[in-house]
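The values are calculated or read from the model by the stated rules, or taken from the named source; none is laboratory data. Everything quoted here is computed from the prediction, not taken from an experiment. Cβ placement follows ideal geometry from the backbone for every residue including glycine, while neighbour counts extend to all protein chains displayed. The accessibility values were calculated without ligands, DNA or RNA, using every heavy atom of the protein model including side chains. Shrake-Rupley method; radii C 1.70, N 1.55, O 1.52, S 1.80 Å.
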Amino acid sequence: MIRARVLAASHVGELVSSLAGLRPEEASRLALAHPSRAIVLEGLDDPGPVEAALTAAGIPHARAAGTLAWAADPIRTAELHRLLADADPAALGALHRAMAGWVSAPRDVPLPGEGALRLSARAHVMGIVNVTPDSFSDGGRFGSPAAAVEHGLALAEEGADILDVGGESTRPGADRVDAAEEIRRVIPVVEGLAAKTPVPVSIDTTKAAVARAALDAGARILNDVSAGRFDSEILPLAAERGAPVVLMHMKGEPRTMQRDPVYADVVGEVAAFLDERAAAARAAGVAEDRILLDPGFGFGKTREHNLVLLARLRELRCLGYPVVAGTSRKSFIGATLGDLPVAERLEGTAATVALAVAAGAAVVRVHDVLAMARVASMVEAVVGAGLRGS
Ligand code: PMM
């Protein structure tokens, strides 16, 4: 029986002693190689294939009899998973089970002013308030500020924990909108919502000028689908204002992102990108506890890429930040269910939200707040029962 364990640094002694027969220099190299965690795989009849996969992934490791141990680097782990799927599926299964218990609950995220997103308590629902004439799923419906504010308030009533206001469509192929036009669209809506509901408002923008105006108008969270790449001022702005920031993965830019996206390892590449952007945010002065990461479903990904990312969403939690998942009504759902139009993607969306919450997503970004808040609560009740045991 193969068993996998993930050990914290404080248990490195345990790790080393569990590797009876390990050469001392191997043990010390291993202890030094990973500051935080190590993975130990025990009970392997033939460690050869797993060791070959580790070598192929360039992961330093140590071996003793039927045991292998290596530094738990989430990015490399994603790559290793792909190699292990061919080399030793049983070992991969054990590793997945161990990783299920690897990550702890997401921590709370402080908001500017007072209050916090209590992500440690339960998954949060971010309700989408698009103020664009051309968004793919609800474009044009909430074109006037008053209608958009009404819609946002209705979402708050339905149980939204965050209201995400966006004024520039990120639909594949969409053209960019200038900052003045985006400000004209979103500011009355942000102002109206901030005045009428205590639910925190986030601003979905890639532009620092829009983000600044929105923060001034009462928004408290930045949601940047470019993860700070399109406007170098946006991360310093988040830092200065103490605003949490959602950093999302996108391959390229909206105009071109769906032109035949290719990845060697989609989870590994998305994880590496998010890890790098989180480092960029920290370098700009954003506090560690105000960073959230989002794999960017539909942003430069084929249907298959989106399915793999959702199936392996849990691995992104190993990066150490709360994970945001925005699958709502997206085309990979329509394509999976026989080319369903946007208006008929509720059940498919529910399935993706359930899977995301079960995988530990801290925030789900959705259009159908009432339904998805119920889905999230139900999943959390089941996951909680499982953790309590019998
Ligand atoms: N998707 C869209 C827009 N903004 N923000 C985050 N953080 N994650 C997403 O997946 C995301 C986003 C596009 O969808 P929409 O047009 O329905 O809002």
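Does at least one position in region 82-93 carry a residue that is outside any loop (DSSP other than H, G, I, E, B), modelled with pLDDT under 95 and open to solvent by less than 10 Å² (accessible area, probe 1.4 Å)?
yes
Checking residue 285 against (1) modelled with pLDDT of 90 or more; (2) assigned to a helix (DSSP H, G or I); (3) away from the ligand (no atom under 15 Å from the Cβ): exactly one of these is not met. Which one?
Failed condition: (2).
Inspect all residues belonging to region 322-332 and state whether any of them is at pLDDT below 95, more than 25 Å from residue 158 (Cβ to Cβ), out of contact with any His (no Cβ under 6 Å at 6 or more places or on another chain) and buried (at least 22 other Cβ atoms within 10 Å of the Cβ).
Within region 322-332, not a single residue is at pLDDT below 95, more than 25 Å from residue 158 (Cβ to Cβ), out of contact with any His (no Cβ under 6 Å at 6 or more places or on another chain) and buried (at least 22 other Cβ atoms within 10 Å of the Cβ).
Would you confirm whether any residue within region 335-344 is in contact (Cβ under 8 Å) with a residue 24 or more places away in the chain, of a type outside the set (A, V, I, L, M) and within 16 Å of the ligand (Cβ to nearest atom)? I'd like the intermediate steps shown before the answer.
From region 335-344, those in contact (Cβ under 8 Å) with a residue 24 or more places away in the chain are 335-336, 342; that's our starting set.
Those still in the list that are of a type outside the set (A, V, I, L, M) too: 336.
Retained after the next criterion (residues that are within 16 Å of the ligand (Cβ to nearest atom)): none.
The answer is no; no qualifying residue exists.
Within region 262-273, is even one residue open to solvent by 40 Å² or more (accessible area, probe 1.4 Å), part of a loop (DSSP other than H, G, I, E, B) and modelled with pLDDT of 95 or more?
no
Confirm whether residue 315 is farther than 21 Å from residue 126 by Cα, buried (at least 21 other Cβ atoms within 10 Å of the Cβ) and more than 16 Å from the ligand (Cβ to nearest atom). Lay out the reasoning, then the answer.
Details: farther than 21 Å from residue 126 by Cα: yes; buried (at least 21 other Cβ atoms within 10 Å of the Cβ): yes; more than 16 Å from the ligand (Cβ to nearest atom): yes.
Taking the combined requirement at face value, the residue satisfies it.
Could you pull out every one of the helices (runs of 4 or more DSSP H) wholly within region 288-390 that has 2 or more residues that are polar (S, T, N, Q)? Full working, then the answer.
Numbers: elements: 303-311, 313-316, 331-336, 346-358, 369-388.
Where helices (runs of 4 or more DSSP H) fall fully within region 288-390 and carry at least 2 residues being polar (S, T, N, Q), they are 331-336, 346-358.
Of all residues being within 16 Å of the ligand (Cβ to nearest atom) and modelled with pLDDT under 70 in region 96-136, which is most open to solvent (accessible area, probe 1.4 Å)? Just the residue, please.
First, pick out the residues of region 96-136 that are within 16 Å of the ligand (Cβ to nearest atom): 106, 109, 117, 119, 123-136.
From what's left, modelled with pLDDT under 70: 134-136.
Details: 134: 53, 135: 19, 136: 76 Å².
Among those residues, the one meeting the criterion is 136.
Which condition from (1) modelled with pLDDT under 80; (2) under 30 Å from residue 274 (Cβ atoms); (3) in a helix (DSSP H, G or I) is the one that residue 35 breaks?
Here residue 35 clears every test but (3).
Which residues, counting only those in region 140-178, are away from the ligand (no atom under 16 Å from the Cβ) and at pLDDT 95 or above? First the steps, then the outcome.
At the first step, the residues of region 140-178 found to be away from the ligand (no atom under 16 Å from the Cβ) are 144-147, 149-150, 153-154, 156-159, 178.
The answer is 149, 150, 153, 154, 156, 157, 158, 159.
Please determine, by comparing only the residues of region 242-261 that are of a type in the set (Gly, Ala, Ser) and open to solvent by 10 Å² or more (accessible area, probe 1.4 Å), which one is nearest to residue 300 (Cα to Cα). Give the derivation first.
So in region 242-261, the residues of a type in the set (Gly, Ala, Ser) come out as 242-243, 252.
Retained after the next criterion (residues that are open to solvent by 10 Å² or more (accessible area, probe 1.4 Å)): 242, 252.
On the way: 242: 30, 252: 7 Å.
Checked region 242-261; the qualifying residue nearest to residue 300 (Cα to Cα) is 252.
Scanning for something within 14 Å of the ligand (Cβ to nearest atom) and of a type in the set (Lys, Arg), does region 270-280 turn up at least one residue?
Yes, that holds for at least one residue.
How many residues does region 194-248 hold that are within 16 Å of the ligand (Cβ to nearest atom), in contact with a Gly (Cβ under 6 Å, 6 or more places away or on another chain) and closer than 15 Å to residue 165 by Cα? Show your work before the answer.
Keep residues of region 194-248 that are within 16 Å of the ligand (Cβ to nearest atom), which gives 200-207, 210-211, 214, 219-231, 234-235, 238, 243-248.
Going one step further and asking which of them are in contact with a Gly (Cβ under 6 Å, 6 or more places away or on another chain), we end up with 204, 234-235, 248.
Checking the rest, the ones that are also closer than 15 Å to residue 165 by Cα come to 204.
Counting residues in region 194-248 that are within 16 Å of the ligand (Cβ to nearest atom), in contact with a Gly (Cβ under 6 Å, 6 or more places away or on another chain) and closer than 15 Å to residue 165 by Cα gives 1.
Check 219, 227, 238 and return the single one that is open to solvent by less than 10 Å² (accessible area, probe 1.4 Å), in contact with a His (Cβ under 9 Å, 6 or more places away or on another chain) and closer than 14 Å to residue 203 by Cα. Let's see the steps before the verdict.
Values: 219 fails: in contact with a His (Cβ under 9 Å, 6 or more places away or on another chain); 238 fails: in contact with a His (Cβ under 9 Å, 6 or more places away or on another chain).
Result of the check over 219, 227, 238: 227.
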